[in-house]
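Below is one structure, written out as structure tokens, with a few remarks after it.
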Amino acid sequence: MFTLATFIILAGAWLLLSGKFDAFHLALGGISCLLVALISQDLLFHERKKGLAARCGEAFRFLPYSCWLLYQIIVANFHVIQLAISPRLCERELDPHIFTFKTRLKSDFAKFVLANSITLTPGTVTIRIDEDVFHVHAISRKAAGDLETSETMSEMERRVAWVFEGRA
Amino acid sequence: MLNIVVMGLMLLGLFFFFGTSVGIVRFPDFYSRLHAAGKGDTLSSILLLAGLALYNLHHLSVDAILVSVKILFIIVFIFIASPTATHAIMDAGYEARVKHWVKRKTPKEPWPGEERRRQERHP
Amino acid sequence: MHGNIADSAMEFFFILSGVLLLLFMFMPLYRAIWGPTVIDRLVGVNVIGTKTTIMIVLIGTLYNRVDMFVDIALTYALLNFIASLAAARFFQRHKEVGLAEDRAGGQSC
């Protein structure tokens, strides 16, 4: 079943990228997609416990999350430009420091999404993930926000948990 | 009408890219430079490419839609890859023990962490 | 080409934005050449590479051959990502990267 899903995704990519719809190219694409899907079926869907339906739910819940993320990126950019352009603000606000926090997320992909989201939101960048400890570099005290201070889960982590684990 | 939307998107993208470049030149250490690079680069690329994809739909046909979907594919890829590359570069610096720039503490205004640390030491 | 005013205005706009993009790319280039550490250079190169992807699509739009140039741009984006990852992984093992950092650490804002 996972092989079939991999095949469908690969075939979609082939159709998109080749742009030719005659029999020769379609057959070539079908054969190569089938081969790749058979050889590397365990690469794309790493976790086997989760079913396809749950994955579709994740993809569906990912859409509103990415809209929120886009809004956050725009805010982050205005923050960066503000810091970059005004000379005095840079001197006053900039106070870089590195902190760590522990996450409750289980799966690797959820951690990856959380790390990328931390990078794209204002003032914080993920440096590395050791198992479930995140090392984060924040550009100012204010930017670190509730990632640094909260005892349980920060707002972003709650959102990612909602997408991937289905709890609020 | 479409042209105005395209122009708006691309001008916004150029503006954000300008901010990113200035940030990369002006920020004091490489961690903060990566802040600018990771965020500004992603958003400005997304905006510029979205403008180009929209302009491509100018003459509507199957081929044009296919090309626009390809540009959308690049957008999605950059959206995933740019923060990941940022992590990789940052991790390399962290591993190589590059010190991060700390604000010079003037005696006049102690930074907020100082207060907290003193409180922790003498509770 | 259709030759009406809107099209030529858009063409002018695309040329202008390409030139602006090129001018703004000199600032990361400064970082890539004079950056105090190797990793600073890597940041500059990464940003320039991402913008080159856009430049390729822009050139394709100007020549009315986006269908061809978009594939090149996609490949370039993939290559740029892999190059950044590989260079970062390579310099991760080199502890002497941080040696030039005294100068950078003393730099003011």
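The table for this structure:
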| item | result |
| --- | --- |
| Computed lengthening from residue A:4 to residue A:108, 0.36 nm per intervening residue step minus Cα-Cα distance | 35.1 nm |
| Where C meets B: accessible area buried, both sides, 1.4 Å probe, Å² | 4700 Å² |
| Built amide H within the under 5 Å cut-off of residue A:127, gap 5+ | A:135, A:136, A:137 |
| Ranking by accessible area, most exposed first, for A:132, A:42 with a 1.4 Å probe | A:42, A:132 |
| Simple spin-label estimate for residue A:40 and residue A:130 in nanometres, 7 Å along Cα-Cβ | 3.1 nm |
| Accessible area in square angstrom per residue, the stretch C:45-93, 1.4 angstrom probe | 48 Å² |
| Distance violations [Cα-Cα > 31 Å] among A:111/C:51; A:20/A:106; A:111/B:70; A:106/B:70; A:102/B:39; A:106/B:39 | A:20/A:106; A:106/B:70 |
| Pairwise burial A:B, computed as accessible area of each alone minus the pair, summed, 1.4 Å, Å² | 3800 Å² |
| Where only C-alpha atoms are counted, convex hull volume of the stretch C:45-93 per residue in Å³ | 42 Å³ |
| Inter-site label distance for residue A:86 and residue C:83 at 7 Å from Cα along Cβ, in nm | 3.7 nm |
| Residue among B:57, B:36, B:76 farthest towards the positive dipole end of the stretch B:2-100, charges placed on Cβ | B:36 |
| Spacing of the two label points (7 Å from each Cα toward its C-beta) at residue A:59 and residue C:64, in nm | 3.8 nm |
| Per-residue ³J(HN,Hα) for the stretch A:78-86, Karplus 6.51 cos²θ - 1.76 cosθ + 1.60, θ = phi - 60°, Hz, x for Gly and Pro | 5, 4, 5, 5, 4, 5, 6, 8, 7 |
| Qualifying trypsin sites (Lys or Arg not before Pro) in the stretch C:1-69, DSSP loop, other Cβ atoms within 10 Å at most 16 | C:65 |
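The values are calculated or read from the model by the stated rules, or taken from the named source; none is laboratory data. Owing to the predicted nature of the structure, the values given are computational and were not obtained by experimental measurement. Positions of Cβ are generated from backbone atoms using ideal geometry, with glycine treated the same way; all protein chains shown enter the neighbour counts. Remember, those area values only see protein heavy atoms, side chains included, never the ligands or the DNA or RNA. Shrake-Rupley method; radii C 1.70, N 1.55, O 1.52, S 1.80 Å.
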